[in-house]
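Have a look at the structure below before the remarks.
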Amino acid sequence: MTAPATVPDVHPLFSRGGAVGTWVSAADPTIAEVLAGSGVDFLAIDGEHGVVDVGSLGAVLAAVRPYGIPTLFRVAENEQARIQHALDSGAGGVIVPRVRSAADAARAAAASLYPPDGTRGIAPRRASAYGRDPGYLGRANATVSCVVQIETREALDDLAAILRAPGVDALLVGPNDLAASLGHTGEIDDAEVLAAIDRVRAAATAAGVPIGIHVRTGTEARSRLSEGFAFTTVSTDVGFLAAATDAMVREARRA
């Protein structure tokens, strides 16, 4: 029998810092495969705003597995079934949106972990090579990652407690929703928004919790990483496609 491939661990990316990833929002596995071959450190697959759901996630993960890069799946809601479906499908971890409190964070983390540390149900799905990897259950709690998003005013208010929530491996700042929550919709460079982001970074760093942020460009990613963010998600698959196509049209029509 061929030895089963293990699910890549995301934790080393968090601990070493400097990680650059991007978002997969399209359900076509070819798109994810192309991105996986680009040299990115990880892929964040979007089940909240993207069209990747539990039914299509398996094909996306299978397409990127030969590249051996870690994957995180953003669930649509902070719900037990959604989180364990993503992990059972073989994602290396989950990104949980709209976490507003320490209680929200603890619930997300518990759903990511097997008993006695959490409440994740046990099923022989892709993550354990359909039961052919007997070691998966024993190592999953140490290798699966739960990343909670900080993107609301309520999360800022409860930030200290969120950072102490058991089982939370990292934070991810969502600048767009955070700006909207602070009354600056579409203005992610507003001074109040930037100050809030800096506050979250400083608090997470002081607590020893890795923190990431979504950015628009590679230049912005380099800047944020130099500030102390451990990882960045840069743009999206459709963002890259739109930018490249627009640039091609401008070049072709330039007088």
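At-a-glance table
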item	result
Test: residue in the stretch 66-81 that is farther than 30 Å from residue 160 by Cα and either of a type in the set (Lys, Arg) or buried (at least 23 other Cβ atoms within 10 Å of the Cβ) (or both)	no
Selection status of residue 107, assigned to a helix (DSSP H, G or I), within 11 Å of residue 167 (Cβ to Cβ) and of a type in the set (D, E, K, R)	yes
Search result, residues across the stretch 28-65 that are free of Cβ contacts under 8 Å to residues at least 60 places away in the same chain, among the charged types (D, E, K, R) and either touching a strand residue (DSSP E or B) at 6+ places or on another chain (Cβ under 7 Å) or surrounded by 23 or more Cβ atoms within 10 Å (Cβ to Cβ) (or both)	48
Residue match in the stretch 130-142 (condition: surrounded by 13 or more Cβ atoms within 10 Å (Cβ to Cβ), acidic (Asp, Glu) and modelled with pLDDT of 95 or more)	no
Among residues of the stretch 42-73, those that are assigned to a loop (DSSP other than H, G, I, E, B), over 12 Å from the mean Cα position of the chain (by Cα) and not β-branched (Val, Ile, Thr), counted	4
Scope the stretch 188-215; condition surrounded by fewer than 13 Cβ atoms within 10 Å (Cβ to Cβ) and either closer than 30 Å to residue 26 by Cα or within 15 Å of the chain's Cα centre (by Cα) (or both); matching residues	189
Within the stretch 161-200, tally of residues that are in contact with an Asp or Glu (Cβ under 9 Å, 6 or more places away or on another chain) and among the hydroxyl-bearing types (Ser, Thr, Tyr)	1
Matching entry among 24, 20 (being surrounded by 23 or more Cβ atoms within 10 Å (Cβ to Cβ), of a type outside the set (Phe, Trp, Tyr), closer than 20 Å to residue 97 by Cα and in contact with an Asp or Glu (Cβ under 6 Å, 6 or more places away or on another chain))	24
Counted residues, the stretch 116-130 - those being among the small types (Gly, Ala, Ser), in contact with a helix residue (DSSP H, G or I) (Cβ under 7 Å, 6 or more places away or on another chain) and in a loop (DSSP other than H, G, I, E, B)	3
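For every residue, the table says whether it meets (1) touching a His at 6+ places or on another chain (Cβ under 8 Å); (2) among the hydroxyl-bearing types (Ser, Thr, Tyr); (3) part of a loop (DSSP other than H, G, I, E, B).
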site: 176; (1), (2), (3): yes, no, no
site: 184; (1), (2), (3): no, no, yes
site: 198; (1), (2), (3): no, no, no
site: 206; (1), (2), (3): no, no, no
site: 209; (1), (2), (3): no, no, yes
site: 221; (1), (2), (3): no, no, no
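The values are calculated or read from the model by the stated rules, or taken from the named source; none is laboratory data. All values reported here derive from a predicted model rather than from experimental measurement. Because the Cβ atoms are built from the backbone with ideal geometry, glycine has one as well, and the counts that use them run over all protein chains shown.
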